[in-house]
Amino acid sequence: MIASLSIAQRRNGLAFALCLALLGLLMAAAAQHGPMVVHGAMALVLGIALTGALARAVYDPPPEAARASFYYDDPTRFGIAMTLIWAVVAMGVGVWVAALLYWPEATPAVPWTSFGRLRPVHTTGVIFGFGGNALIATSFYVLQRTSRARLADELSPWIVLLGFNLFCLWAVTGYLMGITQSKEYAEAEWYADLWLVVIWVVYFVLYIRTLARRAEPHIYVANWYYLAFILVVAILHIINNLALPVSFAGAKSVTIWSGVQDAMVQWWYGHNAVAFFLTAGFLGMLYYFLPVRSGRPIWSYRLSILSFWGITFFYIWVGSHHLHYTALPYWVQTLGMTFSIMLLVPSWASAGNAIATLNGAWHKVRDDATLRFMFVAAVFYGLSTFEGSFLAIRPVNSLSHYTDWTVGHVHSGTLGWVAMIVFGAIYTLVPQLSGRDQMAWPRAIEWHFWLAVTGTLVYVVSMWNAGITQGLMWRSYGPSGTLTYSFLQSLQAMAPYYLLRTIGGGMFLAGTLLCALNCSATARAATGEVAASDRPLLPMPVE
Amino acid sequence: MSGGHRQIVDPVTGYETTGHEWNGIRELNTPFPRFVIVVLLITVVISAVMWILLPAWPTGHGYTPGLLGLTQEGEAVQGFKAIADGRASWRSRFAGDDFASLASDEAVMGMAMPAAARLFADNCAACHRVGGTGGPGFPSLADQDWLWGGDPATVAETVSVGINSTDPDTRSSQMPAFGRDGILTREQISAVADYVLALSSGKADPASAGGKIFAENCAACHGEGGRGGLGTGAPSLADDQWIYGGTRADILTTLQNGRQGVMPSWKGRLAPADIHLLALYVSRLAKAAP
């Protein structure tokens, strides 16, 4: 990692590492007690470790100039490793909280193991830890190859990856210690949010600088999606997290939004986190790895334009469908509902484009589990976007809202679409980055595929059943004009579904664990060879 | 640039590529399928119709109200009215508290008791458990042993004002912390605990040391024979029912720290008719019990 940095970059890195250590010290000293001290200590330890490593290397020989003729893939390797670590940890916590819903009495009498603290550890861990690292790692990989250019510099990708993972660590450890902003998918407290803004700006600048160096005349569609992801997530994150700290020496902050405006801003953020974090970036992944793995051209350039601008324009409006039948004015709900309906065709255009791309490669889908991961991802993308538009219709929502149908819908998107496309991408790029033809255990990919597909189906089908059962029990009236079921009865009816959900999640987790072990075995057996075709078009000196 | 702008015809689909190429990735110049455009237009038309019919677009100071004239408040009022209409045939009877005539009217009770069961499960079962069997700290309602009385009027009063609650008319019931507050010595507590255990097995000797301590300190609330006092909320100690547990250790804990169980006042949360429903339901729970 450090050997690939130029001497100047090592010096700059040293300065950054010192700043990080100082920041940590400052946080810990200012707070004096509570979670902020722990977080300050984490930054301090990371800063000191990096300072030590960089200081020792400042007078080492500079890296070979020939590196300019290769892509810079070390950050991608690190990012993929972090992706898999977060996946195993956060999906493990997911299975844990699923089990707690079936065996609530199994909650130990320790505050940090309560459901309310563990649940955001699961969501933040999978969305940001697993999804975010996968997006950053693959974006560097795809950006370089579709631009035929090396990353603009070697230091900023490390700032992005290390900084982002520090954010994730601050977030989840904060929840365990009991600090939260109480905004779904934006629970991390103010200083973690500010830190992420800095990291995100570095990411955006690196992306733009590298794109500006491209040796290709056109910007490939995958890069549009990655850029939309980076840019819009920055806007969402900043606006939803506008908050005043109670004290600069403490973790607690108060949002500047109030009442129904707060709810609207939160769900504008919440749904666009789905759109631009969990969709746009992963469509970028799909648009690169699917044609590469299948050896087929993208079926329709025009459909990719239609779906890109359709998604970008319509998605921004739909967040209010999370607030049907609330204090939010009716007209905002109508707009959220109708834009959700109009979003269907651009979403299906992406899914259809991906599936049509496989025309002429169906024999590969049959034989190659990696390509099958991507195919299943596209199918689940189509399925869950249809379901999303359907659930956004007000009367449908009156049945589904507050039930486990929502949970099933989210997991059909995250397990079926997001995680599957990530695994397809990982199984394509890990052997390639290891200089090998295939993964160390090719048959394990097949096992992983069937564990993942079965686990997802068991999970999603049980939650559909659970949600529709709940929705119907809650609105069923008897002959005396009163509710047929008490809330308790609707909860007792959930037991078999909650057990099945735990089993489905457990299967998915087992597959993920297999993937992590397979990747680790592949990386250990790396040859260090780089194919002649996998190079920048021209040697690119570092800026 | 690699590939330049060479258009190639894809042999599988017969479409030309766009001529762009990125490290081997190409794109076909497939035209929009007519189907996609038609469905996109259909979704736009559906949306436009909804914008015309429903409240939709902001206009600065207000919004377009929609031809159907729907409002959320209107929908809510209509929904509540429909619910009230569905119950009107029997619920008005419960506004009053003539429990005797209500209880004897099986037609009304047949309609009302399923509703009362929902009310009980949603509001009471969290502490008293489904079926009212109670648990540690929460008395059973499905037996004949009452702290304050089990006739519907008394139950309605208890539900209304609560026990040790924040309501000004609350029922109050305090078991002092005999040990912690130094009212009795350790030896005395030990002796009276033995006496209480003996009470429930029917072998108590009032002349024993524990019996004398009981008569001086406990009988004022729990009664001479430990049979409880309905005016004070003190439970009977002469049966095999225990709220806080009947082992010697449980009884010692109770004597040491006292007990001040709380039941909330429900009159601000439930309508009088609901409280009357619950009172009849709870009194029937006890009657149904063996």
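Derivation of every value follows stated rules applied to the coordinates shown; laboratory data play no part. Every value quoted in this text rests on a predicted model; they were computed, and no experiment measured them. Cβ coordinates were reconstructed from backbone atoms using ideal geometry, including for glycine residues, and neighbour counts include every protein chain displayed.
How large is log10 of I(q)/I(0) for segment A:1-147 at q = 0.21 Å⁻¹ when the intensity is taken from the Debye formula with one equal scatterer per alpha-carbon? Evaluating at q = 0.21 Å⁻¹ gives log10 I(q)/I(0) of -1.23.
Can you bin every Cα-Cα distance in segment B:70-145 into 5 Å intervals starting at zero and give me the percent of pairs per bin, rounded to whole numbers? Calculated over all Cα pairs of segment B:70-145, the distribution is 3, 13, 15, 16, 17, 15, 10, 6, 3, 1, 0 percent.
Over chain A, DSSP H runs of length four or greater, each weighted -39,500 (n - 2.57), average out per residue to a 222 nm ellipticity of -22500 deg cm²/dmol. With kT/(6 pi eta Rh) evaluated at 20 °C and eta = 1.002 mPa s, and Rh the Kirkwood radius from Cα pairs, segment B:143-227 diffuses with a coefficient of 145 µm²/s according to Stokes-Einstein. Rounded, prolate or oblate: which one fits segment B:125-287, using the alpha carbon gyration tensor with axes a ≥ b ≥ c (rounded when a/c is under 1.5, else prolate when a/b beats b/c, else oblate)? Note, shape of segment B:125-287 comes out prolate. Using the alpha carbons alone, the radius of gyration of segment A:158-250 stands to its Kirkwood radius in an Rg to Rh ratio of 1.06. Remark: spin-label model distance residue A:305-residue A:113 equals 5.8 nm, labels positioned 7 Å along the Cα→Cβ axis.
For segment B:185-273, the direction-averaged projected area of the alpha-carbon convex hull comes to 7.0 nm². Against the main long axis of the alpha-carbon atoms of chain A, helix A:221-240 sits at an angle near 60°. Scoring A:162-171, A:100-109 by mean Cβ neighbours within 10 Å over their residues and listing the highest first yields A:162-171, A:100-109.
Bridgeable lysines around residue B:267 (alpha carbons under 27 Å apart, same-chain partners fewer than 8 residues away excluded): B:81, B:287. A Förster radius of 56 Å combined with the Cβ-Cβ distance from residue B:212 to residue B:85 puts the calculated FRET efficiency at roughly 0.30.
By definition, a body whose alpha carbon gyration tensor gives a ≥ b ≥ c is rounded when a/c is under 1.5, and segment A:73-524 falls into this rounded group. Compared with the alpha-carbon gap, the fully stretched path from residue A:402 to residue A:521 is longer by 38.5 nm at 0.36 nm per residue. Rounded to the nearest 10 degrees, the inclination of helix B:34-53 to the longest alpha-carbon principal axis of chain B is 50 degrees. Packing order of peptides B:59-70, A:209-220, B:201-212, B:108-119, highest average first: B:108-119, A:209-220, B:201-212, B:59-70 (average count of other Cβ atoms within 10 Å over each peptide's residues). Per residue of B:117-123, other chain Cβ atoms within 10 Å of the residue Cβ number 4 on average.
For segment A:271-315, the square roots of the Cα gyration tensor eigenvalues, ordered a ≥ b ≥ c, give a/c of at least 1.5 with a/b no greater than b/c, which places it in the oblate category.
By the equivalent-ellipsoid construction on the alpha carbon gyration tensor, segment B:1-80 comes out with semi-axes of 51, 15, 11 Å, ordered largest to smallest. Using every pair of distinct Cα positions in segment A:422-543, the Kirkwood expression returns a hydrodynamic radius of 18.2 angstrom. FRET efficiency for the residue A:252 to residue B:205 pair, using the beta carbon distance and R₀ = 51 Å, is estimated at 0.25. For the pair residue A:3 and residue B:180, a Förster radius of 51 Å applied to the C-beta separation gives a FRET efficiency near 0.15, rounded to the nearest 0.05. How many angstrom separate the Cα center of segment A:57-93 from the Cα center of segment A:121-184? Centre-to-centre (Cα) distance: 13 Å.
Evaluated over the Cα positions of segment B:1-144, the convex hull gives a direction-averaged projected area, one quarter of its surface, of 23.6 nm². Whole-Hz Karplus values for segment A:113-129 come out as 9, 6, 4, x, 8, 6, 4, x, 4, 5, 5, 5, x, 7, 5, 8, x Hz, taken residue by residue from phi with 6.51 cos²θ - 1.76 cosθ + 1.60 and θ = phi - 60°; glycine and proline positions read x.
Packing, taken as the mean count of other beta carbons within 10 Å per residue, orders the peptides A:14-20, A:399-405 from highest to lowest as A:399-405, A:14-20.
Quote the Stokes-Einstein diffusion coefficient, in whole µm² s⁻¹, for chain B, based on the Kirkwood radius over alpha carbon pairs, a temperature of 10 °C and a viscosity of 1.306 mPa s. The calculation lands on 62 µm²/s. Using the reciprocal of the averaged 1/r over all distinct C-alpha pairs, how large is the Kirkwood radius of segment A:318-366 in Å? The Cα-based Kirkwood calculation yields 13.0 Å. Under 5 Å from the amide H of residue A:300 lie the amide H atoms of B:28, each residue being 5 or more positions distant or on a separate chain, with H modelled from the backbone and absent for Pro and chain starts. Treat segment B:66-199 as a sphere of radius equal to its Kirkwood radius over Cα pairs and apply Stokes-Einstein at 37 °C in a medium of 0.692 mPa s; give the translational diffusion coefficient in µm²/s, rounded to a whole number. The estimated diffusion coefficient comes to 169 µm²/s. Distance in nm between label sites at residue B:53 and residue B:9, each 7 Å beyond Cα in the beta-carbon direction? Taking the simple label geometry, residue B:53 and residue B:9 are separated by 4.9 nm.
Shape descriptor for the protein assembly as shown: Rg over Rh equals 1.07 (Cα atoms; Rh from the Kirkwood inverse mean 1/r). Rounding to the nearest 10 and keeping the result within 0 to 90°, find how far the Cα-based axis of helix B:186-201 lies from the longest principal axis of chain B. Taking the Cα atoms of chain B, the angle to B:186-201 is about 80 degrees.
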